[in-house]
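For reference, the structure is listed below as structure tokens.
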Amino acid sequence: QRSISQKQPGSQGGQGSQEPVRAPDNNNNVVNGRNQKLEPLIPIELQLLPQFYASECLVLKPGQESGAYKFQPPRSLLDSSREIKMEPAELRWSAAGGLQKISIMNQTGDRQAIKVKCSDNNIYRVNPVFAFIEPGQTLNVDVMRQNGSNKVDKLVFITSKASPEDNNPKQIFKPGTTNNTMMVLPLLATQPPATVAVAN
């Protein structure tokens, strides 16, 4: 390996010691004239992963496998809640209101129970409020908006795995039940365009 001569600070008139400094190779870094092993550069996204999924990140030793982290998605990213699709992503009305539909698609292999909650039951009517969705089936939910003020509301769809023996979806959502998942649908009421009077 080639050496690089470096003059030490404080030397005068060429006097003073000179210390050979090794040029870095692919696996080493030079700090204060000494070789130090370079750690692989890790993207910030991967550096943050252990804070959220500490038990799901595996630090790999050099030479074991390419990359610094092997990311194993936690089960929460793969469960049935990620396979229940809702369309559309939001509903918009004029202040006069009207009827719109939402489609809930059960793309899981499990039967699902669903409960719908609304932030304003005086303006909105939902049907059905409780229902079952069989695997591979789609549930259509009617949402009726009454004439009311322009404001932002939301529907919350709560889903829970149901067994084939369950016959009343409301019983599945008793107080204290766990393992429920939620999807939120914004309800947006917009101001109708203002009319402009035209003088004759």
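The values are calculated or read from the model by the stated rules, or taken from the named source; none is laboratory data. Since we're looking at a predicted model, the values are computed, not measured. Glycine also receives a Cβ, built like all others from the backbone with ideal geometry; neighbour counts cover every protein chain displayed.
Computed values, structure above
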| item | result |
| --- | --- |
| Failed criterion for Phe132 (all others in (1) in a strand (DSSP E or B); (2) farther than 20 Å from Asn179 by Cβ hold) | (2) |
| Residue within the range 171-184 that is surrounded by 12 or more Cβ atoms within 10 Å (Cβ to Cβ) and basic (Lys, Arg) present | no |
| Top-ranked residue in the range 120-167 [being among the β-branched types (Val, Ile, Thr) and exposed (fewer than 14 other Cβ atoms within 10 Å of the Cβ); ranked as farthest from Asp110 (Cα to Cα)] | Val152 |
| Of all residues making up the range 117-129, the number that are out of contact with any Phe, Trp or Tyr (no Cβ under 6 Å at 6 or more places or on another chain) and assigned to a strand (DSSP E or B) | 5 |
| Odd one out for Gly109 among (1) within 29 Å of the chain's Cα centre (by Cα); (2) modelled with pLDDT of 90 or more; (3) not polar (S, T, N, Q) | (2) |
